[in-house]
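Colleague: Submitted below is the structure of interest, expressed as structure tokens.
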Amino acid sequence: MQSRIIIISFLLLSLAFMFSVETSASTVNNRMDEANKFYREGNYDNAIEMYQSLVDEGYLGVSLFYNIGNSYYRIGKIGKAILFYEKALKLDPSDEDAIHNLNFAHLSTVDRIQPLPRFFLFDWWETLLGLFSSNGWAYTVFIFYLLMIILIGLYFFARSVKQQKIFFFSGIVTLLFLALSISLLVIKVNRDATLKSGVIIEQVVTVKSSPDPKSTDSFIIHEGLKVNLEDDLDNWVKIRLADGKVGWIENSYVEKI
């Protein structure tokens with residue numbers, strides 16, 4: 001009798017949890033639809049407010065960030081638009097809409113920073129690393145691992161030596177891809193944890209040589225520029241540009257991607 005009560009209680013709790021999750025998802029979809037309606041009607045400020053409320057509650061998504069970026073672009077805030085396109089691409093580096101709109105938004109920026117020259121192999125490596133997000137590389141590792149297990153099973157159950165050779169060499173190739181995927185995953189996770197970047201959201205920013213408003217002016221940057229964030233002190237943050245220039249700005253002038 002007691003075991004039946006436990007089972008029934010577990011089932012009721014499971015149903016309640018599933019219902020709450022479904023209700024929550026339905027609420028989020030309704031709010032997204034409402035925000036999208038504001039956007040279609042040209043009410044971009046209300047659309048941003050509605051989208052941002054979802055972000056503040058912890059909801060993340062490529063389409064959510066993409067829509068926020070579009071809304072900011074419509075009201076002329078290029079820095080914010082680029083920031084959210086970058087956030088969308090951080091979740092899915094292959095999203096074509098976000099890539100297209102990010103490149104289009106860059107046409108409205110002032111700064112044209114030439115990156116430091118690099119050996120071509122490093123460029124190939126960065127391109128390969130940027131194919132997927134951390135989650136994407138984790139899925140890739142899982143797929144190759146699963147394929148490896150399947151090939152091992154097929155090898156032992158093969159009916160002929162020829163089939164064993166095929167499965168053996170296929171397993172070797174899969175193992176190499178698995179090792180490469182694991183390496184890329186580890187590097188990607190480590191980079192996401194250590195390398196931080198942001199986007200300038202102020203129209204014009206004077207970069208200082210030290211975290212002090214009275215320090216020497218080093219150079220000037222403008223809204224929409226992507227920078228690396230290297231250090232912080234009080235309300236100052238140390239930035240590095242793609243061309244190697246380094247300086248300090250107030251942290252209210254930049255937002256982390």
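The values are calculated or read from the model by the stated rules, or taken from the named source; none is laboratory data. Just so it is clear, the structure is predicted and the values come from calculations on it, not from any experiment. Here Cβ is always computed from backbone atoms with ideal geometry, including for glycine, and neighbour counts include all displayed protein chains. Quick note on the areas: whole protein, heavy atoms, side chains included, nothing else; ligands and nucleic acids left out. Shrake-Rupley method; radii C 1.70, N 1.55, O 1.52, S 1.80 Å.
Colleague: Suppose we filter Val186, Val161 for residues that are without any contact (Cβ under 8 Å) to a residue 12 or more places away in the chain, open to solvent by 80 Å² or more (accessible area, probe 1.4 Å) and within 28 Å of Leu128 (Cα to Cα); which single one remains?
Modeller: Exactly one of Val186, Val161 is without any contact (Cβ under 8 Å) to a residue 12 or more places away in the chain, open to solvent by 80 Å² or more (accessible area, probe 1.4 Å) and within 28 Å of Leu128 (Cα to Cα), namely Val186.
Colleague: Now, a different point. Report yes if some residue within segment 165-179 is touching a residue at least 12 places away in the same chain (Cβ under 8 Å), under 23 Å from Asp92 (Cβ atoms) and either surrounded by 13 or more Cβ atoms within 10 Å (Cβ to Cβ) or more than 19 Å from the chain's Cα centre (by Cα) (or both); otherwise report no.
Modeller: For segment 165-179, residues touching a residue at least 12 places away in the same chain (Cβ under 8 Å), under 23 Å from Asp92 (Cβ atoms) and either surrounded by 13 or more Cβ atoms within 10 Å (Cβ to Cβ) or more than 19 Å from the chain's Cα centre (by Cα) (or both): present.
Colleague: Follow-up question, since we're still on this one. I'm trying to understand the selection: among the residues of segment 134-157, which are under 20 Å from Thr194 (Cβ atoms), touching a Ser or Thr at 6+ places or on another chain (Cβ under 9 Å) and polar (S, T, N, Q)?
Modeller: none
Colleague: Here's a follow-up. I need the full set of residues from segment 98-135 which are open to solvent by less than 80 Å² (accessible area, probe 1.4 Å), touching an Asp or Glu at 6+ places or on another chain (Cβ under 8 Å) and more than 30 Å from Phe177 (Cα to Cα), in order please.
Modeller: Matches in segment 98-135: Leu102, Thr109, Ile113.
Colleague: Separate question: Pull out all pairs, ordered by first then second residue, where Cβ-Cβ is under 9 Å, the residues are six or more apart or on different chains, the first lies in segment 93-113 and is over 10 Å from Ile78 (Cβ atoms), and the second is in a loop (DSSP other than H, G, I, E, B) and open to solvent by 90 Å² or more (accessible area, probe 1.4 Å).
Modeller: Close Cβ pairs satisfying both conditions: Ile113/Lys245.
Colleague: Right, Leu83: at negative phi and open to solvent by less than 10 Å² (accessible area, probe 1.4 Å) or not?
Modeller: In short, yes.
Colleague: Pick out the one residue from Tyr73, Tyr51, Tyr39 that is buried (at least 16 other Cβ atoms within 10 Å of the Cβ) and free of Cβ contacts under 8 Å to residues at least 24 places away in the same chain.
Modeller: Testing whether each residue is buried (at least 16 other Cβ atoms within 10 Å of the Cβ) and free of Cβ contacts under 8 Å to residues at least 24 places away in the same chain leaves just Tyr51.
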